[in-house]
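Participant: Let me begin by handing over the structure; questions about it come next.
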Amino acid sequence: MNNFTLHHLRCFDAVIRAGSFQAAATEINRSHPSIHAAIGALESQAGFALFDRSGYRVQLTKDGQAFYKKTLSLLDEANELAQLAQGVSAGNESLLSLVIGDISPVDKTLDLLKPFFTKNQNTRLDLHFETLGGPLEQLRKEKANLIIHNADPSDTELETIPLFSVQIIPVVAPDFLDFPIDEDVTPEKMRAYPQCIIRDTAINQPEQNHFIIKGARQWTVADQFTKKQIIAQGMGWGHLPDFLIKKSLKTGKLLALTGKHFRGKTVTISAVRLRTQSHGPIAGKLWKHFEQHALKD
């Protein structure tokens, strides 16, 4: 295996960008002979000529052109590695772990995350999706730096920044019920129909009862998207976040059961972190980023 050094490859890149050996030496602050020596060593190790030196200006050979493409990729990776090392040595995290909850609007959440991680490219995002009590369980186990989920703002163990307001709406497909939909639909009437619910990814958290009617048949699914499809196909009914069903409600593909007995619920989706957990510089910057985009009262 030929041992190409970064010095040789950078000299090679400088010659191509500057257009000559002399100009390359000036650009990267090296002597003219050292540039010649680096290119000679590189060609010797490669086993073929990188430059056609027959003309006034040096030109890449066909093999040299292919070699240069790979060189650029390698130099980019080397620069990224150097930046990563610099960031880590300065105390910046190389990885942030975030959990998005099942009723959090994914599109809006990613719109918030994109500009931040575009500016902080040396920190890798480890993104997970959990349901019901799962996000908080991951946070309390310190398996996540922060979560995007609904949380009790009065919980003194947590810090929260409200980001989005989401309505949870009870819905059915047209013709799913054997009786007309009005404001007087009761849980007793709905007990005869299968209810679609989300499976909780939390293992050790207390079981949560979100709109569940006791005694009703249940279809259990892993996520809100599958739940929507089950309901839209007329296989069950259930509660869904408004951002998933606005179009379906408008077109009549889904019908709302909202009334006296099924009021739905409005929840606040927040950025949430533990007060007792240590937060590095990048996590701190992300928290300030969320503060700048907090939900207005």
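Participant: Filter the stretch 222-237 for residues that are surrounded by 16 or more Cβ atoms within 10 Å (Cβ to Cβ), touching a residue at least 60 places away in the same chain (Cβ under 8 Å) and within 25 Å of the chain's Cα centre (by Cα) and give the result.
Facilitator: GLN224
Participant: Further question: Scan the stretch 32-54 for residues that are under 17 Å from THR5 (Cβ atoms) and among the polar types (S, T, N, Q) and jot them down.
Facilitator: SER34, SER44, GLN45
Participant: Checking the structure you have, find out if any residue of the stretch 90-112 is out of contact with any Ser or Thr (no Cβ under 8 Å at 6 or more places or on another chain), modelled with pLDDT under 85 and either under 30 Å from GLY238 (Cα atoms) or not basic (Lys, Arg) (or both).
Facilitator: Scanning the stretch 90-112 turns up at least one residue that is out of contact with any Ser or Thr (no Cβ under 8 Å at 6 or more places or on another chain), modelled with pLDDT under 85 and either under 30 Å from GLY238 (Cα atoms) or not basic (Lys, Arg) (or both).
To keep it simple, each residue is scored yes or no on (1) over 44 Å from the mean Cα position of the chain (by Cα); (2) under 15 Å from LEU74 (Cβ atoms); (3) aromatic (Phe, Trp, Tyr).
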| position | (1), (2), (3) |
| --- | --- |
| HIS8 | no, yes, no |
| ALA18 | no, no, no |
| GLN22 | yes, no, no |
| ALA25 | no, no, no |
| SER31 | yes, no, no |
| ALA37 | yes, no, no |
| GLY40 | yes, no, no |
| PHE48 | yes, no, yes |
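Participant: May I pose another question? Which of the strands (runs of 3 or more DSSP E) contained wholly in the stretch 198-297 include at least 3 residues that are in contact with a helix residue (DSSP H, G or I) (Cβ under 7 Å, 6 or more places away or on another chain)?
Facilitator: Working: elements: 218-221, 238-241, 265-274.
Correct list: 238-241, 265-274.
Participant: May I pose another question? So ASN150 fits all but one of (1) closer than 27 Å to LEU295 by Cα; (2) crowded, with 20+ Cβ neighbours inside 10 Å; (3) not assigned by TED's automatic domain parsing to the domain that holds VAL99; (4) not basic (Lys, Arg); what number is the exception?
Facilitator: Answer for ASN150: the failing condition is (3).
Participant: Which one of LEU255, LEU240, LEU286, LEU244 is buried (at least 18 other Cβ atoms within 10 Å of the Cβ) and more than 21 Å from SER104 (Cβ to Cβ)?
Facilitator: Going through LEU255, LEU240, LEU286, LEU244 in turn, just one is buried (at least 18 other Cβ atoms within 10 Å of the Cβ) and more than 21 Å from SER104 (Cβ to Cβ): LEU255.
The values are calculated or read from the model by the stated rules, or taken from the named source; none is laboratory data. Since we're looking at a predicted model, the values are computed, not measured. Ideal geometry is used to build each Cβ from the backbone, glycine not excepted, and the neighbour counts take in all protein chains shown.
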